[in-house]
Structures are given as C-alpha cells and as structure tokens.
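Written out below as structure tokens is the structure these notes cover.
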Amino acid sequence: MLTKPMYAFVFALTLGAHSQAQAVDFSEADALFAQRAQSRQKVQAARAAYQGLAAQSAKGSTDLIRATEYIARSYLYELNAYLDINVPAQKKERKALAADCWRKALETINPANLGFQSPVYWYFRANCISREAEVSTALERLTNLSKLTESFDKGLAAPGGDIYEGGGVKRVKAAVKANPEAKGIPGGLYNPEEALKLIDSAIESDAYPDNAPGNLFCENYRRKVDVLIELKRTSEAKALAQQTVDDFTAYMAEELVPEFIKPETTLCIKETKEILNSL
C-alpha cells in the first residue's frame, strides 16, 4: 500500500508532526497523551491537561484548535480502547463520552465561536456524532441526523476538509452509509456503493499540513473491509483485511506510522484481525 518514494516523507512527518513552536506549552499534555495506551487514567489525565491549555488559549488561535483537537482525540481513544460496545454499562459510558465530545468540548472551535472554518471541528464532530449514534435509539439517531449530515457537508467544504485526518470526513461518511442500520433512515443515507467510492477517495487523500496521507490511516482500510462485507464481496474483504494486518504491522515495525496515530493504528490492527477471523 505504501510506495517507496513516500518513505522519506513519512519519516520526516513521524518526527515532525505537531512539533511547531506554540505560544502555549503542550509538552506535559502531549507526554500524558503519548501514554494513552497504558491506561484509561492516562487518557483522562491527558484530556484534563488539554482542557487546561484550551482555557489558556486565545480565541481563534492555533493553540485553541490544537488543544481542542487533542481533547477530541482523547474522547475517541478512550471509548474505542477502554469501553466495550457489547457491555451495557460501558455502552452508556460510550454514549456519554461521545455526546460530551461533540456537544461540549468541540464548541470552542465551532466556526461561530472560532471566527472561521476549521476542518478539525467538522471531522471530530462527525466522528463523535456517529459514535453516539452507534449506541442510540432509532429516534435519537433521527434527531441528530441533520447535525451529522451538516458535519459531512460542511466538513468536506471547509478548507482542507476533504483531506484532513486522511480523508477523515469521507471515512466517517462511508462508515455511516455502509451501516445496515441506516437502511430505515429517510433520505437515502444507506448507500454502500457510494460508501466504497468515499473510502477509496479517503485512502487516496494527500496529507493535510502536520497530518498524514490517507494510505497511512489503517482505519481507512478497516472501514473499506466493512464496506466490502456489506456489499457481499467477502473474498475481497478477507484479502484486504489480511493485507491491512500485514502492511500496517510492517509499517509500525519500520516506524512509518506517524507518532500521533500509533496507538490508534495498533487498535486498528487488532480490530482488523478480529474481522478477518470472523470471515
């Protein structure tokens, strides 16, 4: 999946992502976040640190966007790594975390408050709304549907929104459109054929500044596996799942995955193995 000419670029990105000088000191919060795979407490401590930095940051500043971005990352990592969707009590916690993410934490960089459009806001808003929808009733999903579709539309229209986080808005939209639970939702939301086009486009995304290209996000390939399964293309799904596990295991060993998504990549490899074993 990863071509040779990209190796030097990826290495530089791995070393330099988010390393630009900041007016606010992120070193302590970043150190805590780097340990998020160690325990849930580390994730929560990192989030508290970033919340403190957000409170110190000037309105509309890059520091505010940076702090809020990592608050959102902490929410998503906590619910994905430490809360099981199949355990009722943890399911409630997942819903609460996802709701806090988009209803509260991200509001500081809502364009109305920020003063301009940031792809960070729309991507994480779409992601957190979709995560809440996973553990919501049909009525609750319908209630938030307009907010989700708004996040897709405005996210893709925002400067850099089509490539931020490896085509992240496209990835989330593809996941929603290929979800069989979307079949009963009005407006043609369920459309796995369109989902396949979206996820392929996400994989081909160029890198957003201080971010990474779409082919370095394991989640893009894992989501494509889901889409292929929904399209009943099981043999292709199985082959892609195996390739994804093999490739990203190698990328991690060769230090080709940027630091800021390494724990997420480890989770993705684990989840893809589980899908592969079920096929």
If you place +1 on the Cβ of every Lys and Arg and -1 on the Cβ of every Asp and Glu, how big does the dipole about the Cα centre of region 136-279 come out, in debye to the nearest 20?
600
Normalised contact order of region 22-177, rounded percent, pairs of Cα under 8 Å and 6 or more residues apart
17
Counting other Cβ atoms within 10 Å, keep those with at most 15, restrict to DSSP loop, and tell me which GluC sites (Glu not before Pro) in region 169-214 are left.
204
By the gyration tensor of its Cα atoms, with a ≥ b ≥ c the square roots of the eigenvalues, what is the shape of region 115-209: rounded for a/c under 1.5, prolate for a/b over b/c, or oblate?
oblate
Give me the Å³ per residue figure for the convex hull around the C-alpha atoms of the chain.
125
Given all pairs of distinct Cα atoms, region 219-260 yields a Kirkwood Rh in Å of 10.9
Specify whether the C-alpha gyration tensor of region 17-86 places it in the rounded, prolate or oblate class, a ≥ b ≥ c being the square roots of the eigenvalues: rounded for a/c under 1.5, otherwise prolate if a/b is larger than b/c and oblate if not.
prolate
Accessible area per residue for region 127-248 in Å², computed with a 1.4 Å probe and the full protein assembly in place, what is it?
41
At a Förster radius of 22 Å, what calculated FRET efficiency corresponds to the Cβ-Cβ distance of residue 239 and residue 146, to the nearest 0.05?
0.05
For the chain, what relative contact order do you get, as a whole percent, if you take Cα pairs closer than 8 Å and at least 6 residues apart?
16
Per the helix-only calculation at 222 nm, which mean residue ellipticity applies to the chain, given -39500 (n - 2.57) for every DSSP H run of n ≥ 4 and division by its residues, nearest 500 deg cm²/dmol?
-21500 deg cm²/dmol
Keeping the other protein chains in place, figure out the carbon and sulfur percent of the accessible area of the chain, with a 1.4 Å probe.
54
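The values are calculated or read from the model by the stated rules, or taken from the named source; none is laboratory data. Computed from a predicted model, the values in this text were never measured in an experiment. Every residue, glycine as well, gets a Cβ built from its backbone with ideal geometry; the counts of neighbours run over all protein chains shown. Side chains are part of the model used for accessible areas, which takes the heavy atoms of the whole protein and leaves out ligands, DNA and RNA. Shrake-Rupley method; radii C 1.70, N 1.55, O 1.52, S 1.80 Å.
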